[in-house]
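Enquirer: This is the structure I want to talk about, given as structure tokens.
The values are calculated or read from the model by the stated rules, or taken from the named source; none is laboratory data. Model, not experiment: these values are computed from the prediction. Here the Cβ is made from the backbone with ideal geometry for all residues, glycine too, and neighbour counts use every protein chain on show.
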Amino acid sequence: MAPLDVTPRLPQPHNQPMEPHTGTAHRDVDRLTVCTSGQGGTTVRSLLAGRSALPGARITPTGAGPPAGG
């Protein structure tokens, strides 16, 4: 069998984010509920606690919808 000399040609890859970077929030007197579009609820809580006067225990991140699995 003769050797095969082929140069593969692949299409240009395009970045299509699966998780848009958005969110909504509802603030009560001493609590904050944040609906995030991603899977990083703990990170959202930590970042918001570091940038606000609320401790992390009073920030509740929620997902935008039911779990997709995976």
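Enquirer: Being surrounded by 13 or more Cβ atoms within 10 Å (Cβ to Cβ) and either modelled with pLDDT of 90 or more or in a loop (DSSP other than H, G, I, E, B) (or both) is the filter here, so list the residues in segment 48-70 that pass it.
Expert: 48, 49, 52, 54, 56, 58, 59, 60, 61, 64
Enquirer: Would you please list the contacts, defined by Cβ atoms under 8 Å and residues six or more apart or on different chains, that run from a residue in segment 28-47 that is more than 10 Å from residue 62 (Cβ to Cβ) and assigned to a loop (DSSP other than H, G, I, E, B) to a residue that is of a type in the set (Gly, Ala, Ser) and at pLDDT below 85?
Expert: 37/23; 37/64; 39/63
Enquirer: Now for a different question. Do we find a residue being surrounded by 10 or more Cβ atoms within 10 Å (Cβ to Cβ), modelled with pLDDT of 85 or more and in contact with a strand residue (DSSP E or B) (Cβ under 7 Å, 6 or more places away or on another chain) anywhere in segment 13-23?
Expert: The answer is no; no qualifying residue exists.
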